[in-house]
Amino acid sequence: MTRTNEISLLIGGQAGAGISAAGLLLGKTFLRGGLHVFGTIDYPSLIRGGHNFYLLRAATRPVFAQWDKIDLMIALDERTLERHREELVSDGGVIFDSDEISPDSPNLPPSGVQRYAVPLESIVKELNAPKVVQNTIALGAALGILGYGITQLEEILQETFKAKGDKIVSMNVDAARKGYNYAHEHFASEFCCQLKPRTGKHHQHMLLTGNEAVGLGAIAAGCKFIAAYPMTPASPLFHFLIAQAERFGIVTLQAESEIAAINMTIGAAYAGLRAMTSTSGGGFCLMTEGLSMAGMTETPVVIMLGQRTGPSTGLPTYTAQGDLHFALHAGHGEFPRVVIAPGDIRECFQLTIDAFNLAEEFQTPVILLTDKHLIESHITTQTFDTGLVSIDRGKLLPMERYTGPTPYLRFKLVDDGISPRLVPGTLGATVHADSAEHGEQGFVNDTADNTRQMADKRFRKRSEIQKALSRYDAVKTFGSKDADVTLVGWGSTKGVVLEAVEILQEEGRSLNFLQIIFMAPFPAQLVSKALKGKTTILVESNRTAQLGSLIREQTGHRVAHKILRYDGRPFNPLQLVARIKEVLK
């Protein structure tokens, strides 16, 4: 039976062969045709060599996660066949280079799976092109097999390679056409999946990674400074903002270390700029002393922590949710902080704006807690309405001149704990901050009374932040609130849980999903109310059920069942459905 307008596709080959670029080109082609797209790259921590593969789903309905079976595989080397042939559906297909892979190869899938032998190497030579162009040929062949048409891929290629000149554009467009025509001329039977561009207007959709969405959120929020040290998976955020720096007036600095990056960020924020840094687990370890300094000096900084598998170097290019407790408790001493965990692309954008507003409103560090799977996957989202963006700089006083009736006190003791803030250089005032305990003027004061007063002042903010949660979606519930079973999760598990819930609801099961977004301060009352009287199943990508223990600590509720994955790989919907059914037997 032919399946229309829904497909799971894999592109595989060696690291350095442009696998991710090929997947993104195909994803954009499907997006241009009005389809919803999800794409994610799996790659080792190598520059060249090793095995890379890109998983792509496209459908007329929203898709949020990779599938566990593959309809069509593009195998750019034999290792891809060896690794993934068992994942092909029984009536699926595989495109492979007949110049490199023998039709008698034992790694080719069994009968029933369509074998599409395309002489990629010969076509590359015919075009007098570099070997990497085999990707473009294979994409053209895939579109021919799927019955999709070539026009939109040609448009995407022209837009993608425009900056490299007409010769490169022409070479890639010719390569795609040759692959497309070869498929039409040599493969007559209809493939099990057929994709057709949808008619109508679909210009309101974008294909973004979480890193790009965080970057767009930072720009919309008025971020003017980022310092970072490269670390997967957070580096693409830094690269994105570097590319936009001149256009939006952003200072971007690659620091010599994560220690330098957080200190530079604190300095920029102290000087009045909206400032951020980005890193992953190992880099965040180095930032913790600076994080404490931001807490002591009440400096509003935003830190994006992109989680990956640990401990230590762990699996640098794989995903995890193992740093929740670390983000909540990092740093020495006690000080309030905000920790927010977006679960999709739109939340990456909006919660980044919220992070900057909260940081300045409460003069405290804000940690945006993401993970590799969310911030490096490409996911369809609607365009962002920047007209709805609101900027709140809190108690930042006018910078021209201080005209207060008394000398300016940077750490003035006030009822809500949030002192009026001036930037250094303001006429009529001295702005002093010390990383040691200090008095209201900012100079060191080690007396017992002052130490207690300043600690109390800083922590009065926490109750104010708690009150502010009412302005935000601290938690979200998807599905009927009267459902018998509640799945609980956070971060990148959101997409896969939503798909699993949809599958189970279609089977007549009564489930909903509780997404927790604010981890600090924790929305204890909302969570308690949502979980009361429910069978609860926790879904997390870590070994120790960190959200589960946080829920118990804050509410007393013990989550009844736990579904945990901690091998560096994300959940997929059908696997999750099977595990949920095991729990509900």
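The values are calculated or read from the model by the stated rules, or taken from the named source; none is laboratory data. Treat the numbers as computed from the prediction; the structure is a model and nothing was measured. Quick reminder, even Gly has a Cβ in these numbers, built from the backbone with ideal geometry, and neighbours come from all protein chains shown.
Among the residues of the range 30-59, those that are more than 19 Å from Glu87 (Cα to Cα) and in contact (Cβ under 8 Å) with a residue 60 or more places away in the chain comprise Phe30, Leu31, Arg32, Gly33, Gly34, Leu35, His36, Val37, Pro44, Ser45.
Conditions tested, residue by residue: (1) out of contact with any Lys or Arg (no Cβ under 6 Å at 6 or more places or on another chain); (2) crowded, with 18+ Cβ neighbours inside 10 Å; (3) of a type in the set (Asp, Glu).
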position: Ser435; (1), (2), (3): yes, no, no
position: Asn445; (1), (2), (3): yes, yes, no
position: Gln453; (1), (2), (3): yes, no, no
position: Lys457; (1), (2), (3): yes, yes, no
position: Ser463; (1), (2), (3): yes, no, no
position: Asp473; (1), (2), (3): yes, no, yes
position: Phe478; (1), (2), (3): yes, no, no
position: Asp482; (1), (2), (3): yes, no, yes
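Taking the range 42-89 only, how many residues are assigned to a strand (DSSP E or B), under 12 Å from Gln14 (Cα atoms) and over 23 Å from the mean Cα position of the chain (by Cα)? Summing the residues that are assigned to a strand (DSSP E or B), under 12 Å from Gln14 (Cα atoms) and over 23 Å from the mean Cα position of the chain (by Cα) in the range 42-89 gives 1.
The sole residue among Glu347, Glu334 that is surrounded by fewer than 24 Cβ atoms within 10 Å (Cβ to Cβ), outside the structural domain of Ser549 (by TED's automatic domain parsing) and acidic (Asp, Glu) is Glu334. Taking each residue of the range 489-503 that is outside the structural domain of His561 (by TED's automatic domain parsing) and looking for partners that are crowded, with 23+ Cβ neighbours inside 10 Å and assigned to a helix (DSSP H, G or I) with beta-carbon atoms closer than 9 Å, six or more apart or interchain, yields nothing.
For the range 551-574, a residue qualifies if it is aliphatic (A, V, I, L, M) and in contact with a strand residue (DSSP E or B) (Cβ under 7 Å, 6 or more places away or on another chain), and the qualifying residues are Val559, Ala560, Ile563, Leu564.
Is it true that some residue in the range 459-474 is among the charged types (D, E, K, R), within 29 Å of Tyr566 (Cβ to Cβ) and not in a loop (DSSP other than H, G, I, E, B)? No, the range 459-474 has no match at all. Out of the residues in the range 35-86 that are in contact with a Pro (Cβ under 6 Å, 6 or more places away or on another chain) and more than 16 Å from Cys193 (Cβ to Cβ), which is surrounded by the most Cβ atoms within 10 Å (Cβ to Cβ)? So, considering only residues that are in contact with a Pro (Cβ under 6 Å, 6 or more places away or on another chain) and more than 16 Å from Cys193 (Cβ to Cβ), the one surrounded by the most Cβ atoms within 10 Å (Cβ to Cβ) is Ala65. The helices (runs of 4 or more DSSP H) located wholly in the range 275-381 that include 2 or more residues which are over 30 Å from His205 (Cβ atoms) and among the hydrophobic types (A, V, I, L, M, F, W, C) occupy 281-297, 324-329, 345-362. Of all residues in the range 286-340, those being under 30 Å from Met454 (Cβ atoms) and not charged (D, E, K, R) number 33. Check whether at least one residue in the range 491-503 is part of a helix (DSSP H, G or I) and over 30 Å from Val583 (Cβ atoms), and report yes or no. No, the range 491-503 contains no residue that is part of a helix (DSSP H, G or I) and over 30 Å from Val583 (Cβ atoms). Considered as a group, the residues in the range 523-571 that are β-branched (Val, Ile, Thr), closer than 22 Å to Ser510 by Cα and touching a residue at least 40 places away in the same chain (Cβ under 8 Å) include one that is surrounded by the most Cβ atoms within 10 Å (Cβ to Cβ), and that residue is Val539. If only residues of the range 177-233 that are among the β-branched types (Val, Ile, Thr) and assigned to a helix (DSSP H, G or I) are counted, the one that is nearest to His378 (Cα to Cα) is Val214.
Can you confirm whether Val214 is crowded, with 23+ Cβ neighbours inside 10 Å, closer than 30 Å to Glu6 by Cα and either touching a Leu at 6+ places or on another chain (Cβ under 7 Å) or free of Cβ contacts under 8 Å to residues at least 24 places away in the same chain (or both)? Taking the combined requirement at face value, the residue satisfies it.
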